[in-house]
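See structure below.
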Ligand SMILES: Cc1cc2nc3c(=O)[nH]c(=O)nc-3n(C[C@H](O)[C@H](O)[C@H](O)COP(=O)(O)OP(=O)(O)OC[C@H]3O[C@@H](n4cnc5c(N)ncnc54)[C@H](O)[C@@H]3O)c2cc1C
């Protein structure tokens, strides 16, 4: 059996590896437009910020290791079209290539802000590791940068640029950072940290043009002109699903490829995984697109296993997320107040401020947890967290809690670890659940 | 862009902007962004209030009727709330925790 994977990111490599795990005799071919596969793009902002000393550290395996595993990766090779009826793809420089099973893992792009001057040098879309290496030396020459819209990756880049001593101005039509996913009270410490670090923020404003003579030297915004040698594009992720669309494969309202739990698309023997797809949200059922690398990898494995002839089902998602934002860790699960209000979902919320270790233990940090519960079932439907540490573990735990249909009363009576160096007597999740219970009684 | 994509993109943008304004206000954050164009006005003053007026059930049916991955086969969510544990009787301050 010949399995062809289009895409060498988390989803594509996840699919290839998992498929070979099921059927080691399968012929496995992966196409990528990039020079490399199997690096962690997630680490790029931290190399730029100099927390990690080299891009080489981001590679997970060598090209030879993939060869040895039986994965034939075609680098810098574009797949131009798919003929799902004939089970054939057209590959640049190779012509027609037959497949028995095809996995689409074509990923995402930053939404194009479509602005005049968009082709000037100095406009950076953080993604490809080879380009990142080139940009890294350029960063040494930059004094002033503008971040165009402030999504999750852009927030990490703000921290990186600050660490490099670059003056940063954030311009975003939204009212606070990552306003598509996070609530204002939760992101408030991050905003305060940025202000302290000298980051200028222009909320409710838009970039209208890039200017300069071949190379960027200023950015025009609705709040006036900003001198800058660098612009970071931080717009939201959009699915790279053009190849699928052209092949007549069904796309959903997000523009992502429509899949079922086995990651099967509308075309026979064609699977899709990662940020080119859309996946239903576990609470609302609304399809979501542009999740994370960990989602892409898990979906890739599901697609690969099914493509190779075994059966695995992926689940609707509750999207735990967490990240470093300046000096803070911030994260969440499923709904916050803003997103719940946007879809018109009723909720009762409660917030608690706690600490991450015993109050007397060195390095103790503050943490705030907000929980949202469904007024009818009292089930947890979402959470938002900001703190000095311990955010990722709580987000992962709460995602399972939402998925399992845990109620706020379960959480209010939860047991917790108390150990001075790693956890306080009062668990902030439990305290937040008590706050929700109290608000239920109001 | 297909009709469903156009609808999803715009409804998401304007429903989110409306929610950000309300939640921002509640948290003392001034949210700028007056409608600038005719398109802004349509979505902000006609679509958003209409969407909010719809009963929950109707809203859910309309969302479900849109094409997308949610219309394909997916494992069912766990029952909400979970069935009570047979051995534990919780009494959350005099309230039955599960209806
Ligand atoms: C700077 C940065 C930070 C990130 N941080 C995190 C993080 O902290 N946590 C996390 O979970 N995730 C993180 N991510 C991951 C990211 O947000 C995505 O979720 C992830 O990259 C999705 O993986 P994917 O395999 O679906 O797509 P992609 O990574 O976009 O890969 C797409 C692949 O498809 C190939 N391709 C596309 N079209 C064609 C074609 N026509 N022919 C041949 N090949 C094609 C591309 O060359 C590429 O190899 C980060 C990403 C970046 C860039």
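Structure values in brief
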{"read-out": "Scope the range A:400-430; condition surrounded by fewer than 22 Cβ atoms within 10 Å (Cβ to Cβ) and in a helix (DSSP H, G or I); matching residues", "value": "A:400, A:403, A:404, A:430"}
{"read-out": "Residues that are in a loop (DSSP other than H, G, I, E, B) and in contact with a helix residue (DSSP H, G or I) (Cβ under 6 Å, 6 or more places away or on another chain), drawn from the range A:231-253", "value": "A:234, A:240, A:241, A:252, A:253"}
{"read-out": "Subset of the range A:355-392 (residues that are crowded, with 17+ Cβ neighbours inside 10 Å and in a loop (DSSP other than H, G, I, E, B))", "value": "A:356, A:357, A:364, A:374, A:377, A:378, A:388, A:390"}
{"read-out": "Checklist (1) in contact (Cβ under 8 Å) with a residue 12 or more places away in the chain; (2) more than 16 Å from the ligand (Cβ to nearest atom); (3) over 18 Å from residue A:384 (Cα atoms) applied to residue A:163, failing item", "value": "(2)"}
{"read-out": "Test: residue in the range A:80-99 that is in a loop (DSSP other than H, G, I, E, B), touching a helix residue (DSSP H, G or I) at 6+ places or on another chain (Cβ under 8 Å) and surrounded by 13 or more Cβ atoms within 10 Å (Cβ to Cβ)", "value": "no"}
{"read-out": "Candidate set from the range A:162-176 (those that are part of a strand (DSSP E or B) and touching a helix residue (DSSP H, G or I) at 6+ places or on another chain (Cβ under 9 Å)); member that is farthest from the other protein chains (Cβ to nearest Cβ)", "value": "A:167"}
{"read-out": "Any pair with Cβ under 6 angstrom, 6 or more apart, that starts in the range B:11-35 at a residue that is at positive phi and ends at one that is in a helix (DSSP H, G or I) and surrounded by fewer than 20 Cβ atoms within 10 Å (Cβ to Cβ)", "value": "none"}
{"read-out": "Number of the condition not met by residue B:14 [criteria: (1) closer than 22 Å to residue A:183 by Cβ; (2) out of contact with any helix residue (DSSP H, G or I) (no Cβ under 6 Å at 6 or more places or on another chain); (3) surrounded by 11 or more Cβ atoms within 10 Å (Cβ to Cβ)]", "value": "(2)"}
{"read-out": "Breaking point among (1) buried (at least 18 other Cβ atoms within 10 Å of the Cβ); (2) in a strand (DSSP E or B), for residue A:185", "value": "(2)"}
{"read-out": "Test: residue in the range A:335-348 that is more than 11 Å from the ligand (Cβ to nearest atom), over 30 Å from residue A:438 (Cα atoms) and buried (at least 24 other Cβ atoms within 10 Å of the Cβ)", "value": "no"}
{"read-out": "Filter result for residue A:315 (away from the ligand (no atom under 16 Å from the Cβ), within 30 Å of residue A:183 (Cα to Cα) and facing chain B (nearest Cβ under 10 Å))", "value": "yes"}
{"read-out": "Restricting the range A:6-49 to residues that are near the ligand (Cβ under 9 Å from one of its atoms) and part of a strand (DSSP E or B), the residue that is nearest to residue A:138 (Cα to Cα)", "value": "A:31"}
{"read-out": "Residues of the range A:123-149 that turn out to be part of a loop (DSSP other than H, G, I, E, B) and within 13 Å of the ligand (Cβ to nearest atom), as a count", "value": "4"}
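Conditions (1) more than 26 Å from residue A:176 (Cβ to Cβ); (2) part of a strand (DSSP E or B); (3) within 13 Å of chain B (Cβ to nearest Cβ), marked per residue:
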position	(1), (2), (3)
A:262	yes, no, yes
A:268	yes, no, no
A:285	yes, no, yes
A:296	yes, no, no
A:299	yes, no, yes
A:311	yes, no, yes
A:324	no, yes, no
A:329	no, yes, no
A:338	no, no, yes
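The rows are residues; the columns are (1) free of Cβ contacts under 8 Å to residues at least 40 places away in the same chain; (2) away from the ligand (no atom under 16 Å from the Cβ); (3) buried (at least 24 other Cβ atoms within 10 Å of the Cβ).
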position	(1), (2), (3)
A:231	no, no, yes
A:246	no, no, no
A:256	yes, no, yes
A:262	no, yes, no
A:269	no, yes, no
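A short reminder: the numbers here are calculations on the coordinates, not readings from a lab. Bear in mind the structure is a predicted one, so any value in this text is a computation, not a measurement. Because the Cβ atoms are built from the backbone with ideal geometry, glycine has one as well, and the counts that use them run over all protein chains shown.
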